[in-house]
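The values are calculated or read from the model by the stated rules, or taken from the named source; none is laboratory data. Quick caveat: nothing in here was measured; it's all calculated off a predicted structure. FYI the Cβ positions are ideal-geometry reconstructions off the backbone, even for glycines, and counts take in every protein chain you see.
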Amino acid sequence: MMQDVHADYASIKQWRDAHFVVYQSQSDKLQDFHDYVTKQVFDITLRKMRIDHGAPPCPFTWFVTGSSGRCEQAYRSDQDHGIVYTCENKDTAAYFLEFGKRLTAGLEWIGYPLCQGNVMSSNPLWCKSLNEWESQIHQWIDEDTWQSFRYLLIFLDARVIESNDRVIYRLKNLILKKVQQYPYLLRRLFENTRHTIKAIGFFHQFLPIQNGAYTGCIDLKQQAYFPYVNAIRLLAIKENISHSSTLSRMESLSTYEEYKSILPIHRENFRILMKYRLKYSEGFLYEEAHYLNVRNLNKQEKHEVKRILTDLNKLLTFVEANVVRVSKNES
């Protein structure tokens, strides 16, 4: 049976490898490509589950998170996903955990590396009944730890690949309502992501890595892309916005008066960052693709990247001020 699974996966992998070049030049096309491949893996895995273990015992939702959840996958992308099912018993839990393990193995076989943080359907923490998920979210909030708040932020990036959007919206809404009820949670979420190693100095000079394999590079993911993602996500949480992608969050935030004047430039900056990720990551391994060697940039590109990083620092200052203001006004 496993040989048959691999035969089916092999055809997807072959198509993926052959057609990747057609989709790699634009972020939206690349996301559609990743979604198509992911859905094919899902369909094959579910078909094999039906053969080996019968039909799913109840309705369920398979969601992705991370860059996939935000529709921001790069040339190389790892796995981030989970399952919510409606029934609650041992047999059902065993079925979906097995399904999650097969999904994880299938995606890895196709070419999507395992999530280093184990945010995958093969992990019981990310494969639960709806009631268990609700309890888990309350527990994460009550724990009030760096790890628990990290999980909350991860979940807020969830996007449904198969089945019911309403289930994920319901769970996200639990988090958002808690933040509205207890504004100090917004500050705690901010503290979870506030530490950023700057890539540009006081005199607008690059601050590249000084030694090791990536000497002369800046970490585009950690020093530019993630700070943008985290900052905009935090503003979306503050305004009770449940969208997953950074650009859709910006679009919704732009309807608020206090953000209208600042977000247009950041929308454009984020799109440019996405283009740089695609332009300079092709052909690199997953970890290598995050690093941008500033010596490879021409004069215009250097100026553009420096401007984006300067604008980013201004945004982070703005977000922090808003979080502090909300925290001071908490009831």
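Couple of notes before you dig in:
- Any hit, region 12-20, residues being under 25 Å from the mean Cα position of the chain (by Cα), closer than 23 Å to residue 244 by Cβ and acidic (Asp, Glu): no
- Taken over region 287-299, the criterion of being exposed (fewer than 15 other Cβ atoms within 10 Å of the Cβ) and either within 19 Å of the chain's Cα centre (by Cα) or at pLDDT 95 or above (or both) is satisfied by 287, 288.
- Number of residues in region 79-135 that are acidic (Asp, Glu) and touching a helix residue (DSSP H, G or I) at 6+ places or on another chain (Cβ under 6 Å): the value is 2.
- Number of positions in region 238-257 that are surrounded by 20 or more Cβ atoms within 10 Å (Cβ to Cβ) and in a helix (DSSP H, G or I): 5
- Residues of region 188-207 that are touching a residue at least 60 places away in the same chain (Cβ under 8 Å) and either surrounded by fewer than 17 Cβ atoms within 10 Å (Cβ to Cβ) or touching a Cys at 6+ places or on another chain (Cβ under 6 Å) (or both): 194, 196, 198, 204.
- Candidates are the residues of region 258-283 that are of a type in the set (S, T, N, Q) and surrounded by 16 or more Cβ atoms within 10 Å (Cβ to Cβ); the one that is modelled with the lowest pLDDT is 281.
- The residue that is nearest to the chain's Cα centre (by Cα), counting only those in region 31-45 that are in contact (Cβ under 8 Å) with a residue 40 or more places away in the chain, crowded, with 18+ Cβ neighbours inside 10 Å and over 20 Å from residue 249 (Cα atoms), is 34.
- Residues located in region 54-69, provided they are surrounded by 15 or more Cβ atoms within 10 Å (Cβ to Cβ) and more than 15 Å from residue 244 (Cβ to Cβ): 56, 57, 58, 60
- Within region 1-12, considering residues that are buried (at least 16 other Cβ atoms within 10 Å of the Cβ) and at pLDDT 80 or above, the one farthest from residue 107 (Cα to Cα): 8
- Taking the criterion of being among the aromatic types (Phe, Trp, Tyr) and part of a strand (DSSP E or B), the residues of region 24-83 that qualify are 60, 62, 63.
- Just one of the listed residues (97, 103, 107, 125) is touching a Cys at 6+ places or on another chain (Cβ under 9 Å) and either assigned to a helix (DSSP H, G or I) or buried (at least 19 other Cβ atoms within 10 Å of the Cβ) (or both), namely 97.
- Region 226-245 residues that are closer than 24 Å to residue 199 by Cα, paired with ones that are modelled with pLDDT of 95 or more and among the polar types (S, T, N, Q) (beta carbon under 6 Å, 6 or more apart): 229/246; 232/246
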